[in-house]
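Report on the following structure.
The values are calculated or read from the model by the stated rules, or taken from the named source; none is laboratory data. Owing to the predicted nature of the structure, the values given are computational and were not obtained by experimental measurement. When we count neighbours, we look across all protein chains shown, and the Cβ atoms used for this are built from the backbone with ideal geometry, even at glycine.
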Amino acid sequence: MMYFDNSATTRIDEEIFFAMMPWMQEKFGNASSPYSLGRQARVVIEEAREEIASSINAHPAEIIFTSGGTESNNAILKSACIESSLVDSLIISSIEHHAVEYPTEWLASQGFRTAIAPVDALGRILPDWQKLMPSARCLVSFMHANNEIGTIQDIASVKSLLPETSYLHTDAVQSYGKIPIDIDKMHVDFLSMSAHKIHGPKGIGAMFIRKGIDFKSHQQGGGQERNRRAGTESPALIIGFQMAVRKAMKEMEARDKHMRALQSQMRSMISQHIPQARINTPMDDAITLPSILNISFSKISDGESILQLMDMVGIAVSNGSACVSGSQQPSHVLQAIGLSDKEAKAAVRFSFCKDNTIEEVEMAVMQLKTIIDSMS
Ligand code: PLP
């Protein structure tokens, strides 16, 4: 099988998988226990926290482990808006992942003031977004890189436009480990991360919460993670996350170069061989992840059939978001960048990783051409 759905999830790195094993068997202690089995787990968790913190230039105390991007986004939005009452309004962009979009809808249904900032045809938030802020005590939650089309936002420029009473969150699930992130240069107060997008295990991620912020958790239970995320930590998952981060940081440049070559080859072959195609991912490398290429097709609205036919020839691709796959709903991201409902239903997202090859790209484009020609 050719796997081109690395933005949905990646194959766990073999070395990471084996390194996690002992922490589920012989070293099974609870990190909160006082005896050596527990202390051993505590030590590795704190080492991982340090390494993950340093990967984004944060302090270890600013890293809270969660089950992944969805939980981090929910916890940050709901804590800032409700439990901690840091803000009395919330603004997000029109292309956020559902893990930000839906909590925002829920907050709005509870009477919370919310606003949505539109984007341009490349998926960049329109410059006048501050005018839409419902109040000066606002949480701004703009994703760092989009999971469907790959657009990178200029998060670093956001904070200087905000009143001092506002806070800035970015969902960095797709960008973390792929492009450099420095929380000081980005001026963010909160950031969400996940391990399984960078060859780590599923079910583990983290949130960065800037020091000094009075963060109250909506999850009650044990006092783990400085009372900010109750629940027994998993040393196995945390070690897997740490190793994935270490490898991603070390190989970032090489992986970037490799994926950009795949992306560029696919882009030029599609332009050459599939005249019905429209490429929705921006051309400019400076505002685009190396890992994503999103394509839609004129006169074709049956995206699910394209995915099924690709699957039948052994190629795994998606329509952009694993959550909407199968639902036949047009993508809200593609609608936001100006595609019609029909076009937004028939997108294919190829997403690359370090293990994909140019030969795979070439074969996949030719298979896609055959399928699109047969449907046109
Ligand atoms: N945010 C973005 C931008 C994503 O792409 C994803 C997953 O696709 C998530 C959040 C959810 O992350 P997780 O699967 O770790 O819950």
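So which residues in the range 52-93 are assigned to a helix (DSSP H, G or I) and more than 16 Å from the ligand (Cβ to nearest atom)? Of everything in the range 52-93, those that are assigned to a helix (DSSP H, G or I) and more than 16 Å from the ligand (Cβ to nearest atom) turn out to be Ala53, Ser54, Ser55, Pro60, Ala61, Glu62, Ser79, Ala80, Cys81, Ile82, Glu83.
Among the residues of the range 118-131, the one identified as among the aliphatic types (A, V, I, L, M), more than 16 Å from the ligand (Cβ to nearest atom) and surrounded by 15 or more Cβ atoms within 10 Å (Cβ to Cβ) is Leu122. If you go through the range 201-249 and keep only what is closer than 12 Å to Ile63 by Cα and of a type in the set (Asp, Glu), you end up with just Glu225.
Within the range 271-290, no residue that is free of Cβ contacts under 8 Å to residues at least 12 places away in the same chain sits with its Cβ atom under 6 Å from a residue that is buried (at least 20 other Cβ atoms within 10 Å of the Cβ) and of a type in the set (Val, Ile, Thr) at 6+ positions apart or across chains.
When the range 159-171 is limited to residues that are within 16 Å of the ligand (Cβ to nearest atom) and touching a residue at least 40 places away in the same chain (Cβ under 8 Å), the one that is nearest to the chain's Cα centre (by Cα) turns out to be Asp171. Just one of the listed residues (Lys369, Lys354) is modelled with pLDDT of 95 or more and either under 18 Å from the mean Cα position of the chain (by Cα) or within 16 Å of the ligand (Cβ to nearest atom) (or both), and it is Lys354. One residue stands out among those in the range 177-199 that are touching a residue at least 40 places away in the same chain (Cβ under 8 Å) and in contact with a Leu (Cβ under 8 Å, 6 or more places away or on another chain): the one that is surrounded by the most Cβ atoms within 10 Å (Cβ to Cβ), which is Ala195. With respect to the conditions (1) more than 30 Å from Gln25 (Cβ to Cβ); (2) buried (at least 21 other Cβ atoms within 10 Å of the Cβ); (3) basic (Lys, Arg), Arg49 falls short on a single one, namely (1).
In the range 63-88, the residues that are under 16 Å from Gln220 (Cβ atoms) reach residues that are of a type in the set (Asp, Glu) and more than 16 Å from the ligand (Cβ to nearest atom) with C-beta atoms within less than 7 angstrom, at least six apart or across chains, in these pairs: Ile64/Glu225; Ser84/Asp214.
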